[in-house]
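The values are calculated or read from the model by the stated rules, or taken from the named source; none is laboratory data. Source: prediction; values computed, not measured. Heads up, the Cβs are rebuilt from the backbone with ideal geometry, glycines too, and the neighbour counts pull from every protein chain shown. Surface accessibility is based on the protein's heavy atoms, side chains included, excluding ligands, DNA and RNA. Shrake-Rupley method; radii C 1.70, N 1.55, O 1.52, S 1.80 Å.
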Amino acid sequence: MEYILIFISAIFVNNIVLAQFLGICPFLGVSKKIETSLGMSAAVAFVLTLATIVTYLVQKLVLDPFGLQYLQTIAFILVIAALVQMVEIVMKKVSPALYQALGIFLPLITTNCAVLGVAILVIQKDFSLLQSVVYAFSTAIGFGLALTVFAGMREQLELVNVPKGMRGMAIVLVAAGLLSLAFMGFSGVDNGLRMLFGLE
């Protein structure tokens, strides 16, 4: 039951973009079309889950035993950057079609602070490896959901006659704020489920 709560909480209640404000750059930059947002979502889901597993193992097997916790941020950044590069190289060799589809988005993931944020959050929350994987994958789904819904909103905004002073990034930021408010409606779900299953 704990895994279901982690899953629901990461997607809706504590959405990485709309509640924790991590990964705003790709959220605003890659959300012009639904197709590109779906590609970015798939790439983030893959890299986020893989990066969380590797950084978790680095923390537990290298940093904690040798008392090097103060190097966590630098170590995680290096691991994520190296991991993205390796994934890019392997994907280019193994599946050129998938590389062509996601190739544009893979370098962007290196600078996506949501990946680093999740890697650090699972350590702070003291999750087990399985809980970390569930949290990372759920967070990636939440990121993809927010990105795709926002891309749909932006496509609709292209068809609407927006007042001159609100055109461009202004209306995009207003739309992002409204989407964030909509997701705030899920804030009671987490506590309600915990009480329902006696985990509170």
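Look at Val17 and say whether it is in a loop (DSSP other than H, G, I, E, B), out of contact with any Ser or Thr (no Cβ under 7 Å at 6 or more places or on another chain) and open to solvent by less than 30 Å² (accessible area, probe 1.4 Å). The answer is yes for Val17. Just one of the listed residues (Val189, Val172) is buried (at least 16 other Cβ atoms within 10 Å of the Cβ) and assigned to a helix (DSSP H, G or I), and it is Val172.
Reported count of residues in region 174-200, each being closer than 20 Å to Gly23 by Cα and without any contact (Cβ under 8 Å) to a residue 40 or more places away in the chain, is 6. Under the condition of being outside any helix (DSSP H, G or I), surrounded by fewer than 20 Cβ atoms within 10 Å (Cβ to Cβ) and either at pLDDT 80 or above or touching a helix residue (DSSP H, G or I) at 6+ places or on another chain (Cβ under 6 Å) (or both), the residues counted in region 101-134 number 4. Check region 88-100 and report whether any residue there is open to solvent by 20 Å² or more (accessible area, probe 1.4 Å) and touching a residue at least 24 places away in the same chain (Cβ under 8 Å). Checking region 88-100: not a single residue is open to solvent by 20 Å² or more (accessible area, probe 1.4 Å) and touching a residue at least 24 places away in the same chain (Cβ under 8 Å).
Could you tell me whether region 46-54 includes any residue that is in contact with a Phe, Trp or Tyr (Cβ under 6 Å, 6 or more places away or on another chain) and either part of a loop (DSSP other than H, G, I, E, B) or among the polar types (S, T, N, Q) (or both)? Checked against the condition, which is being in contact with a Phe, Trp or Tyr (Cβ under 6 Å, 6 or more places away or on another chain) and either part of a loop (DSSP other than H, G, I, E, B) or among the polar types (S, T, N, Q) (or both), region 46-54 yields at least one hit.
Among all positions in region 135-145, there is no residue which is assigned to a helix (DSSP H, G or I), exposed (fewer than 14 other Cβ atoms within 10 Å of the Cβ) and at pLDDT 95 or above. Evaluation of Ile77 against the conditions (1) surrounded by 18 or more Cβ atoms within 10 Å (Cβ to Cβ); (2) closer than 23 Å to Val30 by Cα shows that the sole unmet condition is (1).
The set of residues in region 147-169 being in a loop (DSSP other than H, G, I, E, B) and either modelled with pLDDT of 90 or more or surrounded by 12 or more Cβ atoms within 10 Å (Cβ to Cβ) (or both) consists of Val162, Arg167.
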